[in-house]
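> Provided herewith is a single structure, encoded as structure tokens, for subsequent inquiry.
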Amino acid sequence: MSITRRSFVAGSIGAAGMTGFGLGPRAGHAQIDLGKVRLDVVSDGALALPGSFVFDPMPKDELQAVLDAQGISPDVLTPPCNVTLMRSGDRTVLFDVGAGSDFAATAGTLGASLDALGVAPEEVTDVVFTHGHPDHLWGLLDDFGDPLFTGARYMMGRAEWDYWLDPETVDQIGEARVAFAVGAERRLRMIEEDVTLFDDGDEVLPGVLARATYGHTPGHMALEVRDGTQSVMVLGDCIGNHHVAFARPEWLSGSDQDQQLAATTRAALLDQLAHEQTRVIGFHLPQGFGHVEKTADAYRFVPGVG
């Protein structure tokens with residue numbers, strides 16, 4: 001099954017009362033002190049989407065056992081949306097800005113989550129995007145269609161920026177994602193005078209390094225936050241769930257635009273993260289924060305600050 005904005009919205013409305021899936025707004029899942037840097041994982045709500053959006057390309061004869069082991073339904077997924085807030089010195093930085101009010105009924109709670117932490121939108125000094133999908137970008141605008149973070153400068157990977165502003169993207173992305181392309185182009189045009197583009201390996205902010213993680217989108221970037229010998233990797237969606245992405249990273253996922261490249265990226269990154277014992281923040285991982293452990297034949301996500 002392909003998925004469209006309508007599918008997301010319909011699914012979200014249907015799931016709005018499903019408190020058992022953890023769809024209520026939450027101000028912060030975790031706080032991490034990284035030397036002089038403070039990281040907060042703050043909630044933008046959750047999505048509700050058909051399982052087929054992720055599972056369609058996967059081998060059905062093997063998939064069910066993986067899902068059963070994790071207690072995951074093959075029919076509906078309700079992944080959390082975790083935005084990373086970084087405060088360091090005089091900088092207040094957001095990594096992605098959530099879905100806003102136009103994408104999914106159960107997402108778009110970032111404003112309330114920031115308010116609970118005492119952070120106003122105008123106090124955000126920098127916004128760094130991992131990629132241009134709606135649940136990461138569409139919160140850029142307020143309910144009147146104006147930029148919400150009026151004091152911020154913006155940063156995005158060069159390849160990602162070029163992709164969404166390429167006039168051919170809307171015709172090539174596929175019918176299911178046309179709204180993604182139209183929405184991205186509209187929002188990025190509004191900030192193009194205030195954006196800085198970066199490439200793999202660049203230090204986009206002091207202590208924040210860009211890591212190319214292409215595949216989920218053509219220019220997807222993870223961001224490594226460092227302070228001294230400590231580091232945390234802000235993953236975005238290059239590792240997009242806590243179940244099949246860890247148990248079978250080589251399987252293709254319907255959520256990725258270049259499925260084969262995304263699988264290659266995911267497998268290599270999981271191996272690196274487990275080997276180096278790097279802590280991670282995942283946009284759609286439970287509790288947002290944790291680390292990767294190697295198992296006998298794959299990996300597993302261990303949530304929590306400890």
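> Yes or no: residue 127 surrounded by fewer than 20 Cβ atoms within 10 Å (Cβ to Cβ) and within 26 Å of residue 209 (Cβ to Cβ)?
For residue 127, the condition - surrounded by fewer than 20 Cβ atoms within 10 Å (Cβ to Cβ) and within 26 Å of residue 209 (Cβ to Cβ) - is not met.
> Checking residue 201 against (1) assigned to a loop (DSSP other than H, G, I, E, B); (2) surrounded by fewer than 23 Cβ atoms within 10 Å (Cβ to Cβ); (3) under 18 Å from the mean Cα position of the chain (by Cα); (4) of a type outside the set (Val, Ile, Thr), which test does it fail?
Every condition holds for residue 201 apart from (3).
> Separate question: Can you name the condition, by its number, that residue 269 falls short on among (1) out of contact with any strand residue (DSSP E or B) (no Cβ under 9 Å at 6 or more places or on another chain); (2) crowded, with 16+ Cβ neighbours inside 10 Å; (3) not in a loop (DSSP other than H, G, I, E, B)?
In the conditions (1) out of contact with any strand residue (DSSP E or B) (no Cβ under 9 Å at 6 or more places or on another chain); (2) crowded, with 16+ Cβ neighbours inside 10 Å; (3) not in a loop (DSSP other than H, G, I, E, B), residue 269 misses (1) alone.
> Restricting to region 128-155, and then to whatever is β-branched (Val, Ile, Thr) and more than 20 Å from residue 31 (Cβ to Cβ), can you tell me which residue is modelled with the lowest pLDDT?
Across region 128-155, the extreme among qualifying residues is 150.
> Something else: Answer yes or no: is there a residue in region 240-253 that is surrounded by fewer than 21 Cβ atoms within 10 Å (Cβ to Cβ), in contact with a Phe, Trp or Tyr (Cβ under 7 Å, 6 or more places away or on another chain) and either at pLDDT 95 or above or closer than 19 Å to residue 93 by Cα (or both).
No - not one qualifying residue is present in region 240-253.
> Name the single residue that is surrounded by the most Cβ atoms within 10 Å (Cβ to Cβ) among those in region 150-184 being in contact with a Pro (Cβ under 8 Å, 6 or more places away or on another chain) and under 26 Å from residue 201 (Cα atoms).
This residue is 184.
> Name the single residue that is surrounded by the fewest Cβ atoms within 10 Å (Cβ to Cβ) among those in region 31-83 being small (Gly, Ala, Ser), farther than 21 Å from residue 287 by Cα and at pLDDT 95 or above.
Among those residues, the one meeting the criterion is 65.
The values are calculated or read from the model by the stated rules, or taken from the named source; none is laboratory data. Bear in mind that the values here come from a model prediction, so they are computed numbers and not experimental data. As a convention, Cβ positions derive from the backbone with ideal geometry for all residues, glycine included, and neighbour counts pool all protein chains shown.
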